[in-house]
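This report refers to the structure that appears directly beneath it.
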C-alpha cells in the first residue's frame, strides 16, 4: 500500500462516496444533510456512463402497466437467473424515485401534463420516462446543480482512489492520488459507485473513466466478486471506422419507435429469430447479429429508420440525429451502420438489498454492485432505475446507522 499521509486539517468525513454517476450522486443527495460527505470523481462530475444514457428510466408509470408485468419482463430478459425478491424491490420502489426526480425538477418529456413513455427491447408496454434521447445527461445536470448547492457535500474531482483503508475489520477511509500527490481521507463509511468494466474492451459505449476500478478496490480489500463473466453487449452502437474505443450509441428506443435491423441484402433478419423481431432482448439481438456477420463476412449490419419523418426523428432523437448528420448520415433516408459493443456488466460486488457488502462500513450500488436484479441479461433502462432505487437504499441504511 502507498504511504498515505493524512493532513492535520483533514477532519474525518461521515461518508465517502466514490463515483460521479447517478448511483453515487443520488446516494450523496439522499444522505442526511447533517452528515459530512466527500464525493470523489475520477475525472469531472459529468464523466460517467449515466451522463451518456440515452433511452430513459423504466418504471411502472401507467394504467396499462403493473409491478407484476415489469417483474415478468425483467425476469424473462434475465433468463430467470435473477433474484426475484431483489427484482420486486427494484420495480416496486421505482415510481417513487421518478416522483422524487420530478420534484427536483428533472424536465422529463410531458404530454398533456403526463409523462411521455417510451418502449424499448423486451418491454411489454411503454414504461420508460425520458428526456428526449439525452435522459442521462439531463438528469445528471439537474442533480449536479443540487450537489453544488449542498453545503455538506465536498466534491473532489480528478482524483483516483487506489485503496480502501481498513482498521481491524472495519473500513476507515480511502487512499487517493490527486495531482500526482498521495493522500488519505478518513471515514467509517465508504460507498463504491464506480461503474463497470467497459473500457477493458476494444469497443464500448462506456465513458473513458470506466476501467473497473471499484472491482479492483474490493478485491484488494479482501472481497470476492460474482458473475464477472456476465457482460452485456448493446446490439446497436454506431459503426465508424478508425475511431477510438468509445462508440456512439444508437438508443434501443429508436427500435421502440419502429426502426428495424437489416442485413446487407436488405432483409429484416430478426423476424424469423424472435417473436419480438428487432425489439427482442439485447443478448438475443447481439447473438443474431454476430452470427450474421460471421456468416456474411461483414463488419456491421444496418438499422433502418427510414419510415420516420425528419421532423419526428429530429425532435424525438435530437442527439442521434445531430451526430449522424455530422458524419454524413441522414437517418430518415439512409440505413445506419451498427455493430454490437460492450455496454454493461451484470455481475460485481455482492451486496444485500441495502447495498451492504461483507466488509463493515463498505457499501456498493449501481453497476459495480451485484444485486442480481438483472440475471444473465439486463432489461433496457433498468440500469438508471437500479442506481436510483439502491442508491436511495444505501443512503437510508447509512442514515439509520448515523
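The values are calculated or read from the model by the stated rules, or taken from the named source; none is laboratory data. If you're wondering where the values come from, they're calculated on a predicted model, not measured in any experiment. Because the Cβ atoms are built from the backbone with ideal geometry, glycine has one as well, and the counts that use them run over all protein chains shown.
Annotations
- Against the conditions (1) closer than 27 Å to residue 77 by Cβ; (2) crowded, with 16+ Cβ neighbours inside 10 Å; (3) modelled with pLDDT of 95 or more, residue 276 satisfies every one except (3).
- Of 69, 90, 39, all but one fail to be assigned by TED's automatic domain parsing to the domain that holds residue 376 and out of contact with any helix residue (DSSP H, G or I) (no Cβ under 8 Å at 6 or more places or on another chain); the exception is 69.
- Top-ranked residue of region 232-253 - restricted to ones that are buried (at least 18 other Cβ atoms within 10 Å of the Cβ) and over 22 Å from residue 128 (Cα atoms), ranked as modelled with the lowest pLDDT: 246
- Checklist (1) in contact with a strand residue (DSSP E or B) (Cβ under 8 Å, 6 or more places away or on another chain); (2) at pLDDT 95 or above applied to residue 389, failing item: (1)
- Hits in region 254-280 - residues which are under 23 Å from residue 131 (Cα atoms) and assigned to a loop (DSSP other than H, G, I, E, B): 257, 258, 259
- Residue list for region 27-68, restricted to those being in a helix (DSSP H, G or I) and either more than 16 Å from the chain's Cα centre (by Cα) or surrounded by fewer than 20 Cβ atoms within 10 Å (Cβ to Cβ) (or both): 28, 29, 30, 67, 68
- Unique match (being under 23 Å from residue 131 (Cβ atoms) and touching a strand residue (DSSP E or B) at 6+ places or on another chain (Cβ under 7 Å)) among 323, 363, 344, 335: 344
- Flag if residue 402 is surrounded by fewer than 24 Cβ atoms within 10 Å (Cβ to Cβ) and under 23 Å from residue 33 (Cβ atoms): yes
- Within region 299-330, the residues that satisfy the criterion of being within 25 Å of the chain's Cα centre (by Cα) and loosely packed, with under 15 Cβ neighbours inside 10 Å are 315, 318, 322.
- Residue 151 being out of contact with any helix residue (DSSP H, G or I) (no Cβ under 8 Å at 6 or more places or on another chain) and not in a strand (DSSP E or B): yes
- With respect to (1) outside any loop (DSSP other than H, G, I, E, B); (2) modelled with pLDDT under 95, the lone exception for residue 144 is condition (2).
- Meets criteria (without any contact (Cβ under 8 Å) to a residue 40 or more places away in the chain, crowded, with 17+ Cβ neighbours inside 10 Å and either within 25 Å of residue 129 (Cβ to Cβ) or not assigned by TED's automatic domain parsing to the domain that holds residue 304 (or both)) for residue 211: yes
- Residue match in region 340-349 (condition: under 24 Å from the mean Cα position of the chain (by Cα) and surrounded by fewer than 23 Cβ atoms within 10 Å (Cβ to Cβ)): yes
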